[in-house]
């Protein structure tokens, strides 16, 4: 009887694994097929794409990439995207860890009030923030511009400290990182034994010393988790930077790609090439760090 049960169990086990593999292959195909289709069509001319949208190109046109790079001014925009992503992630992560450390390990009456308010930002979407951010940025620039005009330093209309400036874009991106960053950091740092903090305090260490010598080295998993969550988001962000800058030299890669949906919307080869140029950094990112993405998110997960 037990042999029959084992055979039945073995059969259903193999049957289940078979359909699991079928589903995984199907989902993998649905994820990869559009990218392959995009790459293939990025080497076609517009006429060939319109006549054959599925097949391989009869004549490969690598000049689409050269044209897309020049038209989109991707050399400048690529550097801007690196600057925005690097500084926003670096500063946002450190501020999140500092704030999380203060909320989780430094006793204060204001913690119960401030912590929920800051974490509430997780629920706010980009669409709800666009208008308030634009109004605040414009008003701050106008007030500071009038002040500097009154002092005699410049005209109020020429002053841009928040709007049309890299500082303003980075500041907004840091603000978008902080809610989830503070929440993850605070919950992670809570698990660090209080005895370590108390022992350092007894030895005369300040909170700054404790943070940089004890908390920061132990918080590498949560730092990597924040990097993996926020680097793609900041790199691909479109809505906020679209209202923050109007100068081409300050725009990021997604805004350069957006140009091809207007004037060059009928030049499909260059349009697809522009999409591939914007897509490749993130594909490379996930390819190089796929193991870290799996392990670090598991290590940095908040324990209940």
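Of the residues 284, 240, only one is assigned to a helix (DSSP H, G or I), more than 30 Å from residue 128 (Cα to Cα) and either under 15 Å from the mean Cα position of the chain (by Cα) or modelled with pLDDT of 90 or more (or both); which?
Of 284, 240, the one residue that is assigned to a helix (DSSP H, G or I), more than 30 Å from residue 128 (Cα to Cα) and either under 15 Å from the mean Cα position of the chain (by Cα) or modelled with pLDDT of 90 or more (or both) is 284.
Taking the range 52-75, which residues are surrounded by 14 or more Cβ atoms within 10 Å (Cβ to Cβ) and not in a loop (DSSP other than H, G, I, E, B)?
Of everything in the range 52-75, those that are surrounded by 14 or more Cβ atoms within 10 Å (Cβ to Cβ) and not in a loop (DSSP other than H, G, I, E, B) turn out to be 64, 65, 67, 68, 69, 71, 74.
Being modelled with pLDDT of 90 or more and within 19 Å of residue 236 (Cβ to Cβ) narrows it down to one residue among 89, 133; which is it? Don't jump to the end; show me each part of the working.
Details: 133 fails: modelled with pLDDT of 90 or more.
So the residue among 89, 133 that is modelled with pLDDT of 90 or more and within 19 Å of residue 236 (Cβ to Cβ) is 89.
Have a look at 174, 91, 189 and point out the one that is surrounded by fewer than 19 Cβ atoms within 10 Å (Cβ to Cβ) and out of contact with any strand residue (DSSP E or B) (no Cβ under 8 Å at 6 or more places or on another chain). Give the derivation first.
Values: 174 fails: surrounded by fewer than 19 Cβ atoms within 10 Å (Cβ to Cβ); 189 fails: surrounded by fewer than 19 Cβ atoms within 10 Å (Cβ to Cβ).
That would be 91, the only listed residue that is surrounded by fewer than 19 Cβ atoms within 10 Å (Cβ to Cβ) and out of contact with any strand residue (DSSP E or B) (no Cβ under 8 Å at 6 or more places or on another chain).
If I go through the range 199-211 residue by residue, how many of them are part of a helix (DSSP H, G or I) and exposed (fewer than 12 other Cβ atoms within 10 Å of the Cβ)?
Of the residues in the range 199-211, 2 are part of a helix (DSSP H, G or I) and exposed (fewer than 12 other Cβ atoms within 10 Å of the Cβ).
Could you go through the range 102-113 and let me know if any residue there is over 27 Å from residue 217 (Cβ atoms), assigned to a helix (DSSP H, G or I), in contact with a helix residue (DSSP H, G or I) (Cβ under 6 Å, 6 or more places away or on another chain) and touching a residue at least 60 places away in the same chain (Cβ under 8 Å).
Among the residues of the range 102-113, not one is over 27 Å from residue 217 (Cβ atoms), assigned to a helix (DSSP H, G or I), in contact with a helix residue (DSSP H, G or I) (Cβ under 6 Å, 6 or more places away or on another chain) and touching a residue at least 60 places away in the same chain (Cβ under 8 Å), which makes the answer no.
Given the structure, is residue 36 closer than 30 Å to residue 252 by Cα, surrounded by fewer than 17 Cβ atoms within 10 Å (Cβ to Cβ) and touching a helix residue (DSSP H, G or I) at 6+ places or on another chain (Cβ under 6 Å)? Spell out the reasoning first.
Working: closer than 30 Å to residue 252 by Cα: yes; surrounded by fewer than 17 Cβ atoms within 10 Å (Cβ to Cβ): yes; touching a helix residue (DSSP H, G or I) at 6+ places or on another chain (Cβ under 6 Å): no.
No, not satisfied.
Assess whether residue 153 counts as being in contact (Cβ under 8 Å) with a residue 24 or more places away in the chain and either touching a strand residue (DSSP E or B) at 6+ places or on another chain (Cβ under 7 Å) or more than 17 Å from residue 107 (Cβ to Cβ) (or both).
No; evaluated as a whole, the condition is false for this residue.
Could you list, in sequence order, all residues of the range 135-157 that are closer than 25 Å to residue 180 by Cβ and surrounded by 15 or more Cβ atoms within 10 Å (Cβ to Cβ)?
Matches in the range 135-157: 137 only.
The values are calculated or read from the model by the stated rules, or taken from the named source; none is laboratory data. Quick caveat: nothing in here was measured; it's all calculated off a predicted structure. Positions of Cβ are generated from backbone atoms using ideal geometry, with glycine treated the same way; all protein chains shown enter the neighbour counts.
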